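Novice: My structure is below; once you've seen it, I'll send some questions.
The values are calculated or read from the model by the stated rules, or taken from the named source; none is laboratory data. This one's a predicted model, so the numbers in the text were calculated from it and none came from an experiment. Neighbour counts run over all protein chains shown; Cβ positions are idealised from the backbone, glycine included. In case anyone asks, the SASA skips ligands and DNA or RNA and just uses the protein heavy atoms, side chains included. Shrake-Rupley method; radii C 1.70, N 1.55, O 1.52, S 1.80 Å.
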Amino acid sequence: MPPRNLSLMAKPLVRVPDAKVALSTASVYPESTATAFEIAARLGYDGVEVMVWTDPVSQDIEALRRLSDYHRIPILAVHAPCLLITQRVWSTDPWTKLQRAQAAAEKLGASTVVVHPPFRWQRQYSRGFVEGIWRMANETDVKFAVENMYPWRYRDREMLAYAPDWDVTKDDYRHFTIDLSHAATARTDALQMLDRMGDRLGHVHLADGRGSAKDEHLVPGRGTQPCAEVLEHLGRTGFDGHVVIEVNTRRAMSSAEREADLAEALAFTRLHLASACSPAGVPHS
């Protein structure tokens, strides 16, 4: 006797969500940007996010295009040079940096520019930052996704280093990036932050943390952050942006160990994105 519900049995057991999983080139440091493309392609990532920093290749649009073409892996996002060590990369003027990041994204086919809120001592930049980001966002199809940061801590002292605020949900931006390692360092609830971002969430930096004063960027599942729950939420809500693995592998004892960490991070991400996607007609438990 044939099964009574052939239509249900014929449906796939797992629906693959639309979100693409990318590797941040920062995840292979101290190895090079070129190495990140090679590893991302070999492990089966959907693309890369280019962290623009002191590596000359990360600043060179034509070199990045050649790497993308050679490894047949797309560049999905560009992280503007917002770190202390990149203060002189692509000009010392922060707006020029963002304009160049936008131009790079447009030329490379990336959909997103990730940007940090200004440092508090960048007073003129910070005063016009929210309005300026809106103005730039209105001039391009590229998303400017502003990333949550954290207070700087030393022993029992806390310094508010970012303006208007490290918690970007307190200001009006069109798109946000949520970074779970930063949420851990800020000792804030990542799920509540995700709720505040709502449908303005445009981009995800996935990494774990344990609430240390240092920004840890652990492999997902090795800290205390709700990495699995965030991914399941993204799967359930049909998030179609990019989930970027941005982890710290500096302590890896070899290239093989670094690659194993990045393979583990990719497997964790795909598993929990897909686990939230039940077959049509079958409720998710």
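Novice: Roughly what would the spin-label model give for residue 72 and residue 87, points 7 Å off Cα along C-beta, in nm?
Specialist: Here the answer is 4.5 nm between the modelled labels.
Novice: For residue 107, list the lysines whose Cα falls under 16 Å from its own Cα; do not include residues on the same chain fewer than 8 positions away.
Specialist: Residue 107 reaches 97, 143.
Novice: How high is the FRET efficiency from residue 260 to residue 229, r the C-beta distance, R0 22 Å, rounded to 0.05? Present the calculation step by step, with values, prior to reporting the outcome.
Specialist: Numbers: r = 25 Å, r/R0 = 1.12.
With a Förster radius of 22 Å, E is 0.35.
Novice: For residue 170, list the aspartates and glutamates whose Cα falls under 20 Å from its own Cα; do not include residues on the same chain fewer than 8 positions away.
Specialist: Residue 170 reaches 131, 147, 158, 179, 189, 195, 199.
Novice: Taking the Cα centre of the stretch 223-267 as origin, work out the dipole magnitude from +1 charges on Lys and Arg Cβ and -1 charges on Asp and Glu Cβ, in debye rounded to 20. Provide the component values of the computation, followed by the final result.
Specialist: Details: 4 positive and 8 negative charges, 28 e Å.
It works out to roughly 140 debye.
Novice: Shifting gears a bit: Using DSSP loop states and a limit of at most 16 other Cβ atoms within 10 Å to flag trypsin sites (Lys or Arg not before Pro), what is the longest stretch of the chain containing no flagged site?
Specialist: Working: sites that count: 4, 15, 72, 88, 120, 155, 174, 187, 210, 214, 250, 251.
With trypsin sites (Lys or Arg not before Pro) excluded where exposed in loops, the chain gives 16-71 as its longest stretch.
Novice: Under the definition of Cα pairs under 8 Å and six or more residues apart, what whole-number percent is the relative contact order of the chain?
Specialist: Details: 554 pairs, mean separation 56.4, N = 285.
With pairs under 8 Å counted, the relative contact order is 20 percent.
Novice: Is the C-alpha gyration tensor of the stretch 86-145 telling us rounded, prolate or oblate? Criteria: a/c under 1.5 is rounded; beyond that, a/b larger than b/c is prolate, otherwise oblate.
Specialist: Values: a/c = 2.29, a/b = 1.41, b/c = 1.63.
Judged from the Cα gyration tensor, the stretch 86-145 comes out oblate (a/c at least 1.5, b/c at or above a/b).
Novice: Between residue 205 and residues 5 or more places away or on another chain, which pairs have amide H atoms under 5 Å apart, with H built 1.01 Å from N, and which residues are they?
Specialist: Placed amide hydrogens put 178, 179, 180, 244 under 5 Å from residue 205.
Novice: Another one. Subtract the Cα-Cα distance of residue 156 and residue 174 from 0.36 nm times their separation in residues, and report this length gain in nm to one decimal. Write out the running numbers ahead of the final one.
Specialist: Working: separation 18, 0.36 × 18 = 6.48 nm, distance 3.48 nm.
That works out to 3.0 nm of additional length.
Novice: A further question on this structure: Treating only the Cβ of Lys, Arg, Asp and Glu as charged (+1, +1, -1, -1), what charge dipole size does the chain show about its Cα centre? Round to the nearest 20 debye. Display every interim value, and only then the final one.
Specialist: On the way: 33 positive and 36 negative charges, 27 e Å.
Roughly 120 debye for the chain.
Novice: Please find the FRET efficiency linking residue 95 to residue 274, where r is the Cβ-Cβ separation and R0 is fixed at 35 Å, and quote it to the nearest 0.05.
Specialist: Values: r = 40 Å, r/R0 = 1.15.
The pair residue 95/residue 274 has a calculated efficiency of 0.30.
Novice: Which value, in Å², gives the accessible area per residue of the stretch 136-284 when a 1.4 Å probe is used on the protein heavy atoms?
Specialist: Details: 6740 Å² over 149 residues.
Spelled out: the 1.4 Å probe surface of the stretch 136-284, per residue, equals 45 Å².
Novice: Name the residue from 26, 40, 265 whose Cα lies farthest towards the positive end of the charge dipole of the chain, charges +1 on Cβ of Lys and Arg and -1 on Cβ of Asp and Glu.
Specialist: 265
Novice: Within the accessible area of the chain, what % is carbon and sulfur when the probe is 1.4 Å and the other protein chains stay in place?
Specialist: Values: 7100 of 13980 Å².
Accessible surface attributable to carbon and sulfur in the chain totals 51 percent.
Novice: Can you give the three extents of the C-alpha atoms in the chain along their principal axes, from longest to shortest, in whole Å?
Specialist: The principal-axis extents, from largest down, are 75, 43, 41 Å.
Novice: Distance in nm between label sites at residue 122 and residue 237, each 7 Å beyond Cα in the beta-carbon direction?
Specialist: 2.7
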